[in-house]
1. Using packing as a proxy for protection, rank 72-80, 169-177 so that the peptide with the highest average count of other Cβ atoms within 10 Å comes first.
2. Can you list the HN-Hα couplings for region 47-63, worked out from phi with the Karplus curve (6.51, -1.76, 1.60; θ = phi - 60°), rounded to whole Hz and with x for Gly and Pro?
3. Give me a comma-separated list of calculated 3J(HN,Hα) values for region 210-222, in order, Karplus coefficients 6.51, -1.76, 1.60 applied at θ = phi - 60°, integers in Hz, x for any Gly or Pro.
4. With just the Cα atoms of region 119-249, tell me how far they stretch along each of the three principal axes, in Å, largest first.
5. Under a GNM of the chain (C-alpha, springs under 10 Å), which listed residue has the highest mean-square fluctuation: R28, R187, R61?
6. Going by Cα centres, region 95-114 and region 175-210 are how many Å apart?
7. Rounded to the nearest percent, how much of the accessible area of the chain (1.4 Å probe, protein heavy atoms only) is carbon and sulfur?
8. Could you work out the percent of alpha carbon pairs in the chain separated by over 23 Å, rounded to a whole number?
Amino acid sequence: MIIIKNSEEIKKIKKASKIVAKVLDELRSYIKEGITTKTIELFIENLILKMGGIPAFKGYRGYPASVCISINSQVVHGIPSDKVYIESGDIVSIDVGVIFDGFYGDAAYTYGVGEVSEETQRLLKVTEESLYKGIEKAVVGNRIGDISEAIQNHVESNGFSVVRAFVGHGIGRSLHEDPQIPNFGKRGMGPKLKKGMTLAIEPMVNAGTHEVVMLSDGWTAVTKDGSLSAHFEHTIVITENEPEILTKL
Ligand code: MF3
Ligand code: CO
């Protein structure tokens, strides 16, 4: 069941989302080579709490940390560690969720650190662009499949692949609500989009095969062929005009 939100509910999702946006913005200058992913997690956790939010992922289905930090061939759900140091040339995907007054906001960004190769920069650029191509389709009267196809087209026409194993989702009083939003599919298919739907759209894009495997920690998903993977996500609301990106400052 897809839950349509009223303006009071949207206000709270927006507040949670602005905290997420602020965190992702602060990380631009914070992430440097030589720091551990655990240090980044603590920085984020403090920032969220200072702004009056609650880190949404800690304890979610038993997830052991406040945020997901996935490096290079890690696709999603990497667990911060005091043994993993950021190095020049790494790409670091950071997925942040916040609860504010009972409502969730969720977004992700992939940061290139230091000297990142041109091909890797292209992966980041195409993945972020694909997110915006998907968001453009999030208008009243379209269907979920219009979002999915737009993302898939942009990614595959640039020679990269779309991860199938994880999808975007509705968001609100829960982190994951209906509908599921695959990053692959056909226009005209799936549920119709209506005003007041709040969605987390999140393409995960691999440089090589779309297949992923799970590490023995039970959380970290990595590319099957060891190729690089990028992840960008925004929480948006469907309005009578353009979609509004809530996780944007
Ligand atoms: N943004 C991620 C998602 O929508 C949240 C990570 S789930 C957690 O699936 F379990 F790691 F918290
Ligand atoms: Co999400």
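The values are calculated or read from the model by the stated rules, or taken from the named source; none is laboratory data. Please read all numbers here as calculations on a predicted model, not as lab measurements. Please note: Cβ atoms are built from the backbone with ideal geometry, for glycine as well, and neighbour counts cover all protein chains shown. Side chains included, ligands, DNA and RNA excluded: accessible areas come from the protein's heavy atoms. Shrake-Rupley method; radii C 1.70, N 1.55, O 1.52, S 1.80 Å.
1. Values: 72-80: 22.1, 169-177: 19.1.
Descending mean neighbour count gives 72-80, 169-177.
2. Coupling constants for region 47-63: 4, 4, 5, 4, 8, x, x, 10, x, 7, 8, 4, x, 5, 6, x, 4 Hz.
3. Result, rounded to whole Hz: 6, 6, 10, 10, 9, 6, 5, 6, x, 10, 5, 9, 10.
4. For region 119-249, the Cα spread along each principal axis is 42, 32, 32 Å.
5. Comparing R28, R187, R61 in a Gaussian network model of the chain, the most mobile one is R61.
6. The distance from the Cα centre of region 95-114 to that of region 175-210 comes to 17 Å.
7. Numbers: 5530 of 10930 Å².
It is 51 percent, rounded to a whole number.
8. Working: 14179 of 30876 pairs.
Counting every Cα pair in the chain, those more than 23 Å apart make up 46 percent.
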